[in-house]
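Following: one structure in C-alpha cells, then a few remarks.
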C-alpha cells in the first residue's frame with residue numbers, strides 16, 4: 001500500500017539538499033542532488049514506517065494515495 005508523506009526540502013548554502021518531515025519524525029535525508037535526496041528520504045521513510053509497524057504505532061495515520069493528486073515535477077536543464 002502506498003502512503004503519502006509530506007517532506008520539506010531545503011537547499012543548504014553548501015549546495016546540498018536537506019529533506020525533513022514534520023509528519024514523520026526522524027526522517028532526515030541529505031544529498032548533492034534533489035533526486036538523490038528524495039530517494040534517500042523514501043528509503044528512510046520506509047525503514048521508519050517498518051519500525052513503527054513492529055512497535056504497533058500508528059502507521060495507518062498516514063493517508064493512502066488518492067486516485068488523483070497534484071505533484072511538482074522537477075526538471076533539470
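Readers should treat all values here as calculations from the given coordinates under stated rules, not as data from a laboratory. None of these values were measured; they are calculated from a predicted model. Cβ coordinates were reconstructed from backbone atoms using ideal geometry, including for glycine residues, and neighbour counts include every protein chain displayed.
Short-range pairs are left out: with C-alpha atoms under 8 Å and at least six residues apart, the relative contact order of the range 1-54 is 24 percent.
With neighbour counts taken as other beta-carbon atoms within 10 Å, the residues 76, 35 rank, fewest first, as 76, 35. The three principal axes of the C-alpha atoms in the chain carry coordinate ranges of 41, 28, 17 Å, sorted with the longest axis first.
Counted residue by residue at 0.36 nm each, then reduced by the alpha carbon distance between them, the extension gain from residue 39 to residue 65 reaches 7.6 nm. Between the Cα long axis of helix 34-54 and the first principal axis of the chain there is an angle of about 20°, rounded to the nearest 10.
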